[in-house]
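Inspection log for the structure reproduced underneath, given as structure tokens.
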Amino acid sequence: MVRRELFEECVSLLEKSGNEDAAFDTTCIFEDILEERHPLFSPLSQVPSDKERTIRSLAERRSEGYPLQYLLGKWEFFGYPFAVGEGVLIPRPDTEALCELAIEICRKEQLSSPRIMDLCSGSGCLAITLKKELPLAQVTAAELSEKALPFLKENIKLNDAQVELVQGDVTDPQLAAAHAGLDMIVSNPPYLTAEEMASLQTEVTHEPAMALDGGRDGLDFYRAIAKIWRSSLKEGGWICFEFGDKQHEDVGKILAENGFENITFRRDLAGIVRCAAAKRSGGPNNGKEGTC
Ligand SMILES: C[S@@+](CC[C@H](N)C(=O)[O-])C[C@H]1O[C@@H](n2cnc3c(N)ncnc32)[C@H](O)[C@@H]1O
């Protein structure tokens, strides 16, 4: 079969399944399997029969709602390649806003070799990008999931990034105590509410629940991290969080209650308030008890 004919067949299959990005997804599958950019520049080339079978089976899987990124086994974040698959959250473009915010702060504050900790690191997209963009930074990535860790390790190698890896529970005060003197914490923790967890889109059901579930109101990790990790930051150190749509007021409140100031918010490309940065104030938690 020639490329154009197979392409049209796959696009039509995806469109019938309700996929709004059918042509884009099919192009990604073609590029991956034919190992060529712009495969439709030669629309009348024959597709070898083994590749035709593979393309068809990937398109079928995609039409059943299996994530494109898992089918391809890789995805780009901030222009860097990341290996992905079942067990690790697919890096989202929204998260680039958090990366930009963290980089901007490090540059503006002239932190020449900042100590940065990425809590809930998953694929390592934040930790690795920060290390690539701020080469003098000392970056540590903390992640608990046994299934995510192999991807994190692979991505550190793939990007030739010197990122230290720690397996641990970010809600464990001992882990925080072992990492004192940080200039910055970045975190995109699980933040879906119990209600959202009960009505996930088909595609998202293939991603690990552990990467999504933020407790009843979605805010468990913000409470725990703001309280437990505050004293791991130097005085004047920064915390940068990503969160979900309409969570900014609650996250801002949690930060203020836990002794953070200069709280600023940033929107993502879709215009949603997506992340916040705040500075650790002086003194022992402003004299207030943290909320947890
Ligand atoms: C929303 S994902 C974010 C992954 C990655 N930082 C990103 O932005 O794509 C949250 C991550 O937190 C991890 N996680 C969940 N509970 C954790 C815990 N108690 N301690 C450490 N990591 C945890 C999950 O395995 C998942 O990789």
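Values quoted throughout were computed directly from the atomic coordinates according to the rules given, and no laboratory measurement underlies them. Remember, it's a predicted structure, so these values are computed and weren't measured experimentally. Ideal geometry is used to build each Cβ from the backbone, glycine not excepted, and the neighbour counts take in all protein chains shown.
Points worth noting:
- Electrostatic bookkeeping for residue 150 treats Lys and Arg as +1 and Asp and Glu as -1; over the other residues with beta carbon under 12 Å from its beta carbon, the sum is -1.
- Charge dipole (the chain, unit charges on Cβ, about Cα centre) - positive-most of 68, 180, 126: 180
- Estimated 222 nm signal from helices in the chain, with DSSP H stretches of n ≥ 4 weighted -39500 (n - 2.57), rounded to 500: -11000 deg cm²/dmol
- Per-residue 3J(HN,Hα) values for the stretch 201-207, derived from phi via the Karplus relation 6.51 cos²θ - 1.76 cosθ + 1.60 with θ = phi - 60°, read 5, 3, 4, 5, 5, 7, 8 Hz in sequence order (x marks Gly and Pro).
- Legend: residue pairs 16/51; 74/147; 147/246, Cα-Cα distance threshold 26 Å; pairs beyond threshold, 147/246.
- Length released on extending from residue 2 to residue 66, taking residue separation times 0.36 nm less the Cα-Cα span: 20.5 nm
- Environment charge at residue 54 (Cβ cut-off 12 Å; Lys +1, Arg +1, Asp -1, Glu -1): -1
- Mean separation of Cα contacts under 8 Å (6+ apart) over length of the stretch 3-65, as relative contact order %: 47 percent
- Selected from 264, 171, 95 as most flexible by GNM, with the chain as the system and alpha-carbon contacts under 10 Å: 264
- Other-chain or far-sequence residues with amide H under 5 Å of residue 274's (modelled H): 266, 267, 268
- Acute angle (nearest 10 degrees) that the helix 248-257 long axis makes with the longest principal axis of the chain, alpha-carbon atoms: 30 degrees
- Most to least packed among 118-131, 39-52 [average Cβ atoms within 10 Å]: 118-131, 39-52
- Straight-distance crosslink candidates among aspartates and glutamates, where the alpha carbon sits under 15 Å from residue 108 and sequence neighbours closer than 8 are dropped: 100, 133, 183
- Taking Cα atoms only, the orientation of helix 96-108 departs from the longest principal axis of the chain by about 40 degrees.
- Against the chain, whose longest principal axis is taken from its Cα atoms, helix 49-63 shows a tilt of about 50°.
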